[in-house]
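Each value in this text was obtained by applying a stated rule to the coordinates, not by laboratory testing. What you see is a predicted model; the values in this text were computed from it and never measured. For neighbour counting, all protein chains shown are included, and Cβ atoms are generated from backbone atoms with ideal geometry for every residue, glycine included.
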Amino acid sequence: MIENLNGTHETVNYRENTNLRIYNNVQVEDYPTHWHSPIEVIMPVHNTYSLEYSDIPVTLREGDIMVLCPGVLHHLYPAEGQRYIIQAEINPALNLREIDSILTIIQPALLITPERFPDTYEQIRSIVTQIMDEYQEGRSFFEASIYSMLTKLFVLIGRSHADTAQRFMTDGIRQKKYVEKFMAVCSYIDEHCTDNLTLDDVAEYSGFSKYHFTRLFRQFTGLTFYRYLNQKRIAKAERILADPSLSVTDVAMASGFSSMSAFIRMFKIMKGCTPSEFRKMYRPTSRNQEPWTV
């Protein structure tokens, strides 16, 4: 399945004239530690399937769904059975601010099971199956259809996340207000991540005390403020590094880092390689051709 591997970077060969590659995978094959720019969705159909991401081992049961964010190191282990594996480039097709916020919140990965998503699991599982059917049929405008389904999938994930924000308040009105407030806060950070943002600045923007904001922000996103901020900066740096005319120092400054050492250290923590190594591995994804069969 991995056709182009440079170090740990996989360049995905998309289906002709699309930004999609989807497998009805039955191969008993080891896919060593790697990462790629498209998001990946894995759902075992028959038998379990074991993988590891960011040094976290997971065994998926039949019907469990794993969503791996772009750029996450992962290893897929050989197993008998069948699973659907969806790889889809997020930008530009899903270049929406709310989708970007959802991806940051679920970074590096999200496990969807009936137990964790009791209200939306069946809908999400049905969407994954419909995506596979649409891809295999290959009818006119199938790519647009698949991206519309992926958008719906992310909406369900985002709403499930918001609905489980009992973390905030038992009062429904106040809870809704807090969810809206923190969605606005995330959007504000996304837009200003390259500025010299501090915890005090964003707490003031939110209207909460620093202590109250810190607690609620982590409850809402599952991340500390600075972890969220640095993830946004590194994601921006990945995109800028694709421009060979910019030096790594230029990229660091353009991504909001005040020093090269801080940039390199954070990049290596999040990507497992230095910015220079990433740039050497990077090749712009193109609409490579592949046969119509999967």
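Please work out the ratio of the alpha-carbon Rg of the chain to 2.2 N^0.38 Å and round it to two decimals.
Details: Rg = 19.5 Å, N = 294, 2.2 N^0.38 = 19.1 Å.
This ratio for the chain stands at 1.02.
Which net charge results when you count Lys and Arg as +1 and Asp and Glu as -1 among the other residues whose beta-carbon is under 13 Å from that of residue 273? Working shown, then result.
Details: positive: 265, 268, 271, 279, 280; negative: 238, 277.
In short, +3.
Which residue fluctuates the most in the chain, going by a Gaussian network model with Cα springs under 10 Å, if the choices are 267, 278, 141?
Most flexible of the set in this elastic network: 141.
Tell me the mean residue ellipticity at 222 nm calculated for the chain from its helices only (DSSP H runs of n ≥ 4, each -39500 (n - 2.57), averaged over every residue, nearest 500).
-14500 deg cm²/dmol
For the chain, build the charge dipole from Cβ charges (+1 Lys, Arg; -1 Asp, Glu) around the Cα centre, then report which of 221, 67, 45 sits farthest towards its positive end.
221
Could you tell me the extents of segment 56-120's C-alpha atoms along the three principal axes, largest first, rounded to whole Å?
38, 28, 21
Take every Cα pair under 8 Å in segment 1-65 that's 6+ residues apart, average their separations, divide by the length, and report that relative contact order as a whole percent.
24 percent
Determine the relative contact order of segment 225-283: mean sequence separation of Cα pairs under 8 Å and six or more apart, normalised by residue count, in whole percent.
32 percent
Sum up the charges of everything whose Cβ sits under 11 Å from the Cβ of residue 26, counting Lys and Arg as +1 and Asp and Glu as -1, but leave residue 26 out. Write down the numbers at each step before the final one.
Details: positive: 83; negative: 29, 80.
Summing Lys and Arg as +1 and Asp and Glu as -1 gives -1.
Can you run phi through the Karplus equation (6.51, -1.76, 1.60; θ = phi - 60°) for segment 126-131 and list ³J(HN,Hα) in whole Hz, with x for Gly and Pro?
For segment 126-131, the Karplus-derived couplings read 5, 5, 4, 5, 5, 4 Hz, x marking Gly and Pro.
Nearest-5 percent of antiparallel DSSP beta bridges in the chain?
The answer is about 95 percent antiparallel.
Identify which of 207, 71, 256 has the largest mean-square fluctuation in a Gaussian network model of the chain, with springs joining Cα atoms closer than 10 Å.
Top of the fluctuation ranking is 207.
Let me know the charge dipole size of the chain about its Cα centre in debye, to the nearest 20, where only the beta-carbon of Lys, Arg (+1) and Asp, Glu (-1) is charged.
Taking the Cα centre of the chain as origin, the dipole is about 840 debye.
Take the cross-link list 181/232; 181/210; 210/268; 236/280; 232/271 and give me the ones stretching past 22 Å between alpha-carbons.
Correct reply: 210/268.
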